[in-house]
Amino acid sequence: MDNTIQACDKALLCVDFENDFVDGALGFDGAKAIEGSVMELVNTAIDEKWGNIVFTDDAHDADNYSSTLEGQRLQIPHCLVRKEGDPDYEMDNVAIDSGALFYGKLGIKIEEMVRNLNEMKLRYAFSKFDHNDGLTADQLVDMHNLTGVDRALIFAGKELGINIRLVVKNTFGAINLGKYFKGTPKLIVVCGLVTDICVLSNIVILRALFPDAIIQVKMDACSSFSAEKHQMVMQLLSSVQVDVI
């Protein structure tokens with residue numbers, strides 16, 4: 001990792017480190033094995049106050065997954081959510097179960113950051129602006145509410161001096177990824193799941209968005225169902241000027 005670049009110009013993209021990809025519907029042993037490396041990157045980015053920390057969250061509509069192309073070709077429902085209307089913030093994405101939520105130590109870390117906020121910020125993030133509901137802020141917090149978590153992480157990040165965002169996506173690559181980054185990072189480090197699917201897709205998007213940024217992929221902080229495909233992607237990344245570390 002380049003130590004000549006200032007922390008504010010560094011960014012971390014953590015792709016889909018979710019329950020369903022680790023020990024849920026699409027879980028595999030290789031995913032569990034990278035938890036330590038993923039958390040080392042996340043903790044480093046927080047401790048050093050990198051400019052951007054962006055988490056993607058794979059989330060599929062429970063009502064129509066089987067009718068999508070992905071659902072027809074991968075007939076294993078995963079990361080299912082339902083949608084509830086929110087007049088102020090378009091649609092809330094609410095996980096039906098724990099599949100679309102973050103795995104293990106990452107989930108704990110994110111929840112700690114959220115719950116450390118004061119009551120006013122928690123209420124603003126989760127209450128949908130209904131201040132007459134009679135619930136305490138702690139009762140309002142719903143870590144299944146992905147939109148609420150994103151709002152809360154924005155507040156948590158501001159307190160730390162970091163742009164922390166949650167990107168909810170319903171396909172491999174987050175086509176709106178660019179709007180979640182603040183400024184133009186000089187270094188972007190990527191980790192997560194799955195190497196040859198969502199990690200690869202989002203790396204290609206990052207390369208298009210930030211043509212002059214150094215993009216590094218932490219090899220031991222990514223994994224795939226196929227060790228062969230994992231190695232293949234790592235070998236091909238240099239073709240799009242991405243460094244494997």
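The values are calculated or read from the model by the stated rules, or taken from the named source; none is laboratory data. Remember, predicted model here, so these are calculated numbers, not experimental data. For neighbour counting, all protein chains shown are included, and Cβ atoms are generated from backbone atoms with ideal geometry for every residue, glycine included. Side chains included, ligands, DNA and RNA excluded: accessible areas come from the protein's heavy atoms. Shrake-Rupley method; radii C 1.70, N 1.55, O 1.52, S 1.80 Å.
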(request) Specify the longest stretch of the chain that does not include any exposed loop site, a site being one of the chymotrypsin sites (Phe, Trp or Tyr not before Pro) with a non-H, G, I, E, B DSSP assignment and at most 15 other Cβ atoms within 10 Å. (result) 130-245
(request) For each pair in 49/229; 83/186; 10/169, compute the distance between the two Cα atoms and list the pairs where it is over 31 Å. (result) 49/229; 83/186
(message) Can you compute the FRET efficiency between residue 4 and residue 28 using 1/(1 + (r/R0)^6), with r the Cβ-Cβ distance and R0 = 25 Å? Round to the nearest 0.05.
(response) 0.10
(message) Nearest 5 percent is fine: what portion of the DSSP beta bridges confined to the chain is antiparallel?
(response) 20
(request) Kindly sort 39, 232, 219, 120 by accessible area of their heavy atoms, largest first, with the probe set to 1.4 Å. (result) 120, 232, 219, 39
(message) Less than 18 Å apart at the alpha-carbon level, and either on another chain or at least 8 residues along: which lysines does that give for residue 105?
(response) 32
(message) Counting only protein heavy atoms and a 1.4 Å probe, tell me what percentage of the chain's accessible area is made up of carbon and sulfur.
(response) 50
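Just to confirm, what accessible area per residue do you get for the chain at 1.4 Å probe, in whole Å²?
About 47 Å² of surface per residue is accessible.
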(request) Run the 1.4 Å probe and let me know the accessible area of residue 48, rounded to the nearest 10 Å². (result) 90
(message) If the only charges are +1 at each Lys and Arg Cβ and -1 at each Asp and Glu Cβ, what is the size of the charge dipole of the range 129-245 around the Cα centre, to the nearest 20 debye?
(response) 440
(request) Specify the residue with the greatest mean-square fluctuation among 173, 27, 134, computed from a Gaussian network of the chain linking alpha-carbon atoms under 10 Å apart. (result) 134
(message) Let me check against my output: what whole-number percent is the relative contact order of the chain, with C-alpha pairs under 8 Å and at least 6 apart?
(response) 25
(request) Give me Rg over Rh for the chain, both radii from the alpha carbons and Rh done the Kirkwood way, two decimal places. (result) 0.96
(request) May I ask for the Rg/Rh ratio of the range 11-155, computed from Cα atoms with Rh as the Kirkwood radius, given to two decimals? (result) 0.99
(message) Tell me the accessible surface of residue 149 in square angstrom (1.4 angstrom probe, heavy atoms of protein chains only), to the nearest ten.
(response) 10
(message) Using square roots of five times the C-alpha gyration tensor eigenvalues, list the equivalent-ellipsoid semi-axes of the range 157-245 in whole Å, biggest first.
(response) 22, 15, 13
(request) Would you kindly find the accessible area of residue 22, with a 1.4 Å probe and non-protein molecules such as ligands, DNA and RNA excluded, rounding to the nearest 10 Å²? (result) 0
(message) Once R0 is set to 30 Å, what does the formula 1/(1 + (r/R0)^6) return for the Cβ-Cβ distance between residue 116 and residue 37, expressed as a FRET efficiency to the nearest 0.05?
(response) 0.75
(message) Amide H of residue 61 versus every other amide H placed in the peptide plane: which residues, excluding those fewer than 5 positions away on the same chain, fall under 5 Å?
(response) 81
(request) Kindly write out, for the range 55-66 in residue order, the coupling ³J(HN,Hα) from the Karplus curve 6.51 cos²θ - 1.76 cosθ + 1.60 (θ = phi - 60°), rounded to whole Hz, with x marking Gly and Pro. (result) 10, 9, 9, 6, 8, 10, 5, 4, 7, 10, 3, 5
